[in-house]
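A.B. asks: Below is a structure I'd like to ask you about.
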Amino acid sequence: MKVLVTGAFGQIGSELLPALRDLHGRDNVLATGRRLRAGAANDGPVAKLDVTLGEQLEATVTRQGTDVIYHLAAVLSATAEQDPERAWRVNMEGLRNVLEVSRRRNVSQVFWPSSIAVFGPSSPRDDVPQETVMRPTTIYGVSKVAGELLADYYAGRFSLDVRGVRYPGIISSGAPPGGGTTDYAVEIFHAALRSGQYTAFVREDCVLPMMYMPDCINAALTLMAADRARLCYQTGYNVSAMSFALGELAAEISKHIPAFHCAYQPDERQAIADSWPQSLNDSAARADWDWQPHYDLQAMTADMLSTLAARLKEGDA
Ligand SMILES: NC(=O)c1ccc[n+]([C@@H]2O[C@H](COP(=O)([O-])OP(=O)(O)OC[C@H]3O[C@@H](n4cnc5c(N)ncnc54)[C@H](O)[C@@H]3O)[C@@H](O)[C@H]2O)c1
């Protein structure tokens, strides 16, 4: 099976890539990005691919004989607000190109992640149901709602097997996060280990849903392996793992690093965080494809600190 990954050198792609190469064989997984990351070529096949260029995408898919695409290339929430035009082009044109080339070239499956950013101030804040009001106030959220609708259209109209989840903030110790509103939940670990102090860009009582990277990868692989007949939805499955206030995360880190100090200086990203839900109801994902997270706040914090400390020691983070 030939697998193509777009946006492969970002936060999620750089950890999904080795998992896919373990599963399908190193040479069967083509890692692509708008810019190539130094050293990535040693890990398996790589190619330059800008997803806004439909012809380039089609040529790459034809050359590889792609069976499955993991489409991760995107502009994330905070960066998107700085350049909404670019965010729309990358997020919407990129997705449309992937769906259209998949239809034309008989790609059998597509994974495309949506986000909790599909929800907005008029959505419920807690235990948000799978189906509810979705009127986001960020361009990122607008592109994710429109993307879910477009992907569902391709699934219904052309029987394209496109699947996806609404990821919460993803926490990981590998490639740094790419300009999202939940980046603070990663930055805090780097700061705690490097200097013992962190100044956060959201409030101490800011609560958002989060997920540790092993659960994030597991969600993608489990959903893609699920029996299609069991799925009530194509894209946009709510998936939930943990929700915490930033102050709770800081307190958890302090259990491991007692001298750690966190200060709070909210900036414009606080308003984005305030428009998002605090927790999600993921019963549809649990029922349809047996989704189950393994990391809570305590387990994630302990693992993050030890993994990241080892990486920092090796000069790898
Ligand atoms: N990380 C999170 O917390 C999170 C949460 C919810 C949803 N998601 C979604 O998961 C997917 C992957 O996110 P991520 O965290 O790995 O993002 P990231 O920003 O770390 O990586 C995205 C990659 O896409 C690349 N890219 C940008 N424009 C491109 C283009 N025109 N052509 C090709 N590549 C391009 C970037 O260079 C980057 O390497 C995205 O769809 C994102 O919306 C992420």
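The values are calculated or read from the model by the stated rules, or taken from the named source; none is laboratory data. No experiment lies behind these values; they were computed from the predicted model shown. Cβ sites come from the backbone with ideal geometry, for glycine too, and all protein chains shown count toward neighbours.
A.B. asks: For a quick check of your reading of the model, give me the residue pairs whose first member lies in the range 163-180 and is basic (K, R), whose second is within 8 Å of the ligand (Cβ to nearest atom), with beta-carbon atoms closer than 9 Å and at least 6 apart or on different chains.
C.D. replies: Taking only residues 6 or more apart or on different chains, the pairs are R163/W112; R166/P113; R166/S114; R166/S115; R166/I116; R166/A117; R166/K144.
A.B. asks: Would you pick out the residues in the range 30-54 that are out of contact with any Lys or Arg (no Cβ under 9 Å at 6 or more places or on another chain), within 13 Å of the ligand (Cβ to nearest atom) and in a helix (DSSP H, G or I)?
C.D. replies: If the condition is that a residue be out of contact with any Lys or Arg (no Cβ under 9 Å at 6 or more places or on another chain), within 13 Å of the ligand (Cβ to nearest atom) and in a helix (DSSP H, G or I), then A40 is the only one that fits.
A.B. asks: Does L76 satisfy the criteria of being touching a residue at least 12 places away in the same chain (Cβ under 8 Å), hydrophobic (A, V, I, L, M, F, W, C) and surrounded by fewer than 24 Cβ atoms within 10 Å (Cβ to Cβ)?
C.D. replies: Details: touching a residue at least 12 places away in the same chain (Cβ under 8 Å): yes; hydrophobic (A, V, I, L, M, F, W, C): yes; surrounded by fewer than 24 Cβ atoms within 10 Å (Cβ to Cβ): yes.
Taking the combined requirement at face value, the residue satisfies it.
A.B. asks: Hey, another quick one. Taking into account only those residues within the range 76-90 that are more than 12 Å from G141 (Cα to Cα) and assigned to a helix (DSSP H, G or I), which is nearest to the ligand (Cβ to nearest atom)?
C.D. replies: In this case the residue turns out to be V90.
A.B. asks: Now for a different question. Given (1) within 14 Å of the ligand (Cβ to nearest atom); (2) over 27 Å from G179 (Cα atoms), where does V107 come up short, assuming only one miss?
C.D. replies: (1)
A.B. asks: OK, next. If you go through the range 98-122, how many residues are out of contact with any strand residue (DSSP E or B) (no Cβ under 9 Å at 6 or more places or on another chain) and part of a helix (DSSP H, G or I)?
C.D. replies: First pass over the range 98-122, keeping only residues out of contact with any strand residue (DSSP E or B) (no Cβ under 9 Å at 6 or more places or on another chain): 100, 103-106, 120-122.
Still in the running and part of a helix (DSSP H, G or I): 100, 103-104.
Selection size over the range 98-122: 3.
A.B. asks: Moving on. Does the range 177-191 include one or more residues that are small (G, A, S) and within 30 Å of L231 (Cα to Cα)?
C.D. replies: Yes, that holds for at least one residue.
A.B. asks: Test S240 against the stated conditions and say whether it is crowded, with 21+ Cβ neighbours inside 10 Å, out of contact with any His (no Cβ under 7 Å at 6 or more places or on another chain) and closer than 24 Å to I116 by Cα. Reasoning before the result, please.
C.D. replies: Numbers: crowded, with 21+ Cβ neighbours inside 10 Å: yes; out of contact with any His (no Cβ under 7 Å at 6 or more places or on another chain): yes; closer than 24 Å to I116 by Cα: yes.
Answer is yes for this residue.
A.B. asks: Being of a type in the set (A, V, I, L, M, F, W, C), under 30 Å from R228 (Cβ atoms) and assigned to a helix (DSSP H, G or I) is the filter here, so list the residues in the range 258-307 that pass it.
C.D. replies: Once the filter is applied, which keeps residues that are of a type in the set (A, V, I, L, M, F, W, C), under 30 Å from R228 (Cβ atoms) and assigned to a helix (DSSP H, G or I), the range 258-307 yields A284, A285, A287, W289.
A.B. asks: Okay, moving on. Select from the range 208-233 the residues that are away from the ligand (no atom under 14 Å from the Cβ) and not in a helix (DSSP H, G or I) and write down the one among them that is nearest to Q292 (Cα to Cα).
C.D. replies: A226
A.B. asks: Let me ask something additional. Specify the residue that is surrounded by the most Cβ atoms within 10 Å (Cβ to Cβ); the eligible residues are those in the range 136-147 that are of a type in the set (S, T, N, Q) and outside any helix (DSSP H, G or I).
C.D. replies: Going residue by residue through the range 136-147, those that are of a type in the set (S, T, N, Q) are 137-138, 143.
Okay, now just the ones that are also outside any helix (DSSP H, G or I), so 137-138.
Numbers: T137: 16, T138: 22.
The residue in question is T138.
A.B. asks: Now a separate question. L149 passes all but one of (1) in contact (Cβ under 8 Å) with a residue 60 or more places away in the chain; (2) aliphatic (A, V, I, L, M); (3) out of contact with any helix residue (DSSP H, G or I) (no Cβ under 8 Å at 6 or more places or on another chain); which number fails?
C.D. replies: L149 satisfies every listed condition except (1).
A.B. asks: Same structure, new question: Out of S279, S254, S306, which single residue is free of Cβ contacts under 8 Å to residues at least 24 places away in the same chain and surrounded by 14 or more Cβ atoms within 10 Å (Cβ to Cβ)? Spell out the reasoning first.
C.D. replies: Values: S279 fails: free of Cβ contacts under 8 Å to residues at least 24 places away in the same chain; S306 fails: surrounded by 14 or more Cβ atoms within 10 Å (Cβ to Cβ).
Criteria check complete, one pass: S254.
A.B. asks: In the range 3-29, how many residues are more than 8 Å from the ligand (Cβ to nearest atom), outside any helix (DSSP H, G or I) and touching a strand residue (DSSP E or B) at 6+ places or on another chain (Cβ under 6 Å)?
C.D. replies: Just the residues of the range 3-29 that are more than 8 Å from the ligand (Cβ to nearest atom), to begin with: 3-5, 15-29.
Subset that is outside any helix (DSSP H, G or I): 3-5, 25, 29.
Still in the list and also touching a strand residue (DSSP E or B) at 6+ places or on another chain (Cβ under 6 Å): 3-5, 29.
Here the count works out to 4.
A.B. asks: Which condition from (1) hydrophobic (A, V, I, L, M, F, W, C); (2) within 12 Å of the ligand (Cβ to nearest atom); (3) part of a helix (DSSP H, G or I) is the one that L150 breaks?
C.D. replies: Going through the list (1) hydrophobic (A, V, I, L, M, F, W, C); (2) within 12 Å of the ligand (Cβ to nearest atom); (3) part of a helix (DSSP H, G or I), L150 breaks only (2).
A.B. asks: If you don't mind, another one. For the range 55-70, which positions are among the β-branched types (V, I, T) and either assigned to a strand (DSSP E or B) or not assigned by TED's automatic domain parsing to the domain that holds R104 (or both)?
C.D. replies: Taking the range 55-70 and keeping what is among the β-branched types (V, I, T), we get 60-62, 66, 68-69.
V68, I69 - these are the residues of the range 55-70 that are among the β-branched types (V, I, T) and either assigned to a strand (DSSP E or B) or not assigned by TED's automatic domain parsing to the domain that holds R104 (or both).
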